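What follows is calculated from the coordinates using simple rules that are stated; it is not laboratory data. This structure is a prediction, so every number in the text was calculated from the model and none was measured. Heads up, the Cβs are rebuilt from the backbone with ideal geometry, glycines too, and the neighbour counts pull from every protein chain shown.
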């Protein structure tokens, strides 16, 4: 199994850890120290060796930051974790602060006095964040101590080793472009901007650029490493050479030079000309090591190139989604038969879903820990079931499962919300489900001019909920990698998505509705952007989406009378496509269930 | 009549004017000189005395800029004026450049050589624009000469005088707040931001702040003047004191000090503390005169306050729209009877519309020159009919009229597109009209959470057109003043509208579709933002619009089968409201016509 359901670690050691940290702070003359969840790679997943926030505070969420002063301490978390954090964190030591209301710097601004010192580990904080700390320090006349070593690493006695998994080739027949070609192309963009080199500090961008994968963290198949791309296309890769075998080295191609990880500081110091780096994701440490030459702030050019999938990658995504869809349909059929028995728990269901995916024989990992929530648990947007929260499915429950698989040819991410039969659904559930579905359809069926961004499109998915005085407090869609991170930029469909959609981008479409303490609804497909044949004004370049995900949407939760004719047609067409494609791949029983689940409405 | 239909002035003198300008430039050692359409007030309308661009180039459009070098010259215009500009401008002298492709600075960057000098009149260019020129100068090693006098003013022998119309009181019973109260409130905001003073350089903000009006330019009832608001609420107003009579002075209230216009430079030099100014609208000249103290960039606080109308102003807007709607319905009834005769021209129609408005006895001005376009002329988005372009309405034409009135209690702006009966409409017109209407309804009927901005809402008005591969190349909605400018910020509903809607804001809702050379369609109502009663999730604050404009939408151009049940219901409700409110105010013949025009569909 790729997922465990352990309860968060108990917090008995955190008092001791904080005491040790404060002692080290005192020895170093620090009045405050900031402990982010991120490591130097600024990714969503960090290896156990870099779980400093969890070690110090007990907090195991995927985003957060702690600040410790000589007398006070706080953990800052977003809306998803406000309820969960106090279960994991000793609230006698740490105040739990909603980060949207008070960020760590606003908090520090109140607590710090003139001439006090803040400690920062420059490897863990991006240029943008460090810049904000510097502004605070100026305003309040504080000192900043940029630490050569992280104090936590000195006192963490049983700190695990960093992962050093074998790097594997991601074949050109799946990537659709050679690494050499990608490097030459991005190198050329640097040359055109008169920039000599670009730092590549995000492991997923290195994985994309070199057509390699790794296994250093859960769910995202990359190798933690840094690199420098030169305008000529040369790439200097800082990673233990023992992790790359001869075959993989050959696959990567010419003009890639592998150096031990600790050689990067010397390499940074030697850079000449204009050096490009992305201030939102690059730790301050890197910029501090670029000496005597000009630094230019700009997005990592790999990010936009990686977002627009090649035809080969889209072909792979379709194959992965067909395979994944068949597994999911088998699961949904099983769930429909056994969910109502009262014997199936959320953990059972998550295990079963993973088992069906594993039976494809192609599953490399889950794309993320499955969200398996029934009844009130479904209303917790980022619910992760544990033995402590586990709940049996009951007739009349809504059950929400958000899950995905990592396959060599593609990454999947799908959410379905179904009725556990035997009793009617909760009051309001059918109305809300229908509105969420109408939002999903409006976005799925949208045509829009080239240049349209995610903020503009986001409205389509929300308008039906807005009309009823409802909304959902998360984005409508995120970018998805190709056998890489299930969350990738630069595009997103959300109230703040300013990047334009472009052909080849894969995005999720996942409006939802959450009735706290009662039920949660989310309907999520992945879809990719393609050029639309324009039957209208020829001079306008229009784009549209094509759905990748293949699984029925629960007809029992739809108020047919609230659908427009166009919405009804979209749904029937989608279900016909699901049936036509998935049925040949599943067992008889699932096939029969699928026929019923995909029946046209009206 | 408030509108004339004269052809643009001939261009016979421009050769002479350019020659004179080049001689003056040579005397001053200038290699290039920039002539914007704007004057120091940066508004949409400029008095004849400040029509420097028109005097130099012949170009009479409402936006544009010219650049003259020793040997070359160009006029930069946006998409609206690309076709019109060559009729007005001598293209042997001036190149006509689409500003979206090449701005004046990009053009200059190509033409200028090292150490050459650009002349700028610092009174005419905003800080933002001047900053861009300075960057260009740095990049290309150019010199900038900030001129104490505009060379054009020296050579323009018959330059008209500046207008000095009488300033009138805008009564508190229409404004809903006293000037004293507004000044105290904005002054308090300054104090809270630790700012000592704010420059108010936009005449509409002075008109709002002081509850006064004027008549210095067409269509926007303000007095051209500048002011300085202090943190304590004191206002220093730089305007000829002879323009303000004792009664008006009393109306404005205490703590307003009137100085002759030429005293402002001395007053600016004396400012102390942090001085706030808006770099997008404040000419460089102002900042250059603030000496030895700190300048803080920030929006003019009047703009946001002015945008959110008081209850009294909304009441006034409703009264103005009812009166205006009755006049417009009389016009539409007349048009329906006589448009088909083949005898009515676009100018006749525009005159008639103005006459019906004038017959209300309350019309102070038009809010802008009426756009009266039939057939192919309707497809020209900012069409202004002249004797040269005038065209008779013919059966089967679509006729588009975009017009509005200035009344003491409110400003109106409405567009209707109607079929001239007798022949069927052009192919595609009914489909397009129905899509435009569906977009209009989607926006008019939208509910949305507090915080939603114009970019998010814009999508609703476009989605039906996008679905057919169509779009329109203008914004969906602009803010509208209260007996002030028909275009005001900060909010707009457009692909770039980043300001959130707030209760009391008046915005237009005007999607369109333009088939070049064939027909144009636009359906425009004004609507205001109000809190929505939330029957959904109580913790969400929702907003909605209420339509102000009252005039039927042409049923003959609607494909009823393409409307959803909700859209149909909206239309029938709207027409019932129009009939119920307007019918009591019109003659028998119009009342009968109105009954037919407002019949429910289905």
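Here is how the numbers come out for the structure above:
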| read-out | value |
| --- | --- |
| Length gained when the stretch residue B:450-residue B:254 is fully extended (0.36 nm per residue, less Cα-Cα span) | 66.9 nm |
| FRET efficiency estimate (nearest 0.05) - Cβ-Cβ, residue B:294 to residue B:162, R0 35 angstrom | 0.60 |
| Beta bridges by DSSP in the protein assembly as shown, antiparallel share as percent, to the nearest 5 | 75 percent |
| Evaluated at q = 0.13, 0.18, 0.31, 0.34 Å⁻¹: base-10 log I(q)/I(0), Debye formula over Cα of region B:38-82 | -0.29, -0.55, -1.24, -1.33 |
| For region B:104-230, the fraction of alpha-carbon pairs in successive 10 Å shells from zero, as % | 11, 26, 26, 23, 12, 2 |
| Ranked list, fewest to most other Cβ atoms within 10 Å of each Cβ, for B:452, B:282 | B:452, B:282 |
| Over region B:87-149: Rg over Rh, Cα atoms, Kirkwood Rh | 1.00 |
| Distances in nm from residue B:568 to the matching label points in the other copies, shortest first (labels 7 Å along Cα to Cβ) | 1.2 |
| Proportion of all alpha-carbon pairs of region A:1-106 beyond 16 Å (%) | 58 percent |
| DSSP bridge orientation in chain B - percent antiparallel, rounded to nearest 5 | 75 percent |
| Cα principal axis extents for the protein assembly as shown, largest first, Å | 87, 71, 57 |
| Efficiency of FRET from Cβ geometry, residue A:194 and residue B:101, R₀ 22 Å, rounded to 0.05 | 0.40 |
| Using a 7 Å Cα-to-Cβ projection, residue A:358 label spacings across copies, nm, ascending | 8.7 |
| Rounded to 10°, Cα long-axis angle of helix A:127-140 versus longest principal axis of chain A | 60 degrees |
| Overall Cα dimensions of chain B, principal axis frame, Å, largest first | 71, 56, 45 |
| Computed over chain A: relative contact order in percent, which uses C-alpha pairs under 8 Å that are six or more apart | 11 percent |
| Mean Cα-pair separation over length for region A:319-460, i.e. relative contact order, pairs under 8 Å, 6 or more apart, % | 23 percent |
| Tilt relative to chain B, helix B:14-27 - C-alpha long axis, 0 to 90 degrees, to 10 | 30 degrees |
| Label point 7 Å beyond Cα along the C-beta direction, distances from residue B:589 to other copies (nm, shortest first) | 8.0 |
| Relative contact order (percent, whole number), region A:514-593, Cα cutoff 8 Å, 6+ residue spacing | 21 percent |
| Approximate spin-label separation residue B:145-residue B:355, in nm, with each point projected 7 Å along Cα-to-Cβ | 5.5 nm |
| Those residues of region B:13-27 whose amide nitrogen sits under 20 Å from the label point placed on residue B:115, 7 Å along Cα→Cβ | B:26-27 |
| Length added when fully stretched, residue B:72-residue B:135, from 0.36 nm per residue minus Cα-Cα | 20.5 nm |
| Space enclosed by the convex hull of the alpha-carbon atoms of region A:297-342, per residue, Å³ | 92 Å³ |
| Packing-based exposure ordering (other Cβ within 10 Å, fewest first) of B:472, B:545 | B:472, B:545 |
| Base-10 log of normalised Debye intensity for region B:454-569 (one unit scatterer per alpha-carbon) at q = 0.18 Å⁻¹ | -1.11 |
| Alpha carbon convex hull of region B:206-263, volume per residue in cubic angstrom | 79 Å³ |
| Cα-based helix-to-principal-axis angle, B:565-582 vs chain B, degrees rounded to 10 | 80 degrees |
| Cα-derived Rg to Rh of region B:425-497, Kirkwood definition | 1.03 |
| Net length gained if the chain between residue B:270 and residue B:546 were fully extended (0.36 nm per residue, minus Cα distance) | 94.7 nm |
| Values of log10 I(q)/I(0), in the order q = 0.15, 0.17 Å⁻¹, for region A:331-386 under a Debye, Cα-only, solvent-free model | -0.46, -0.59 |
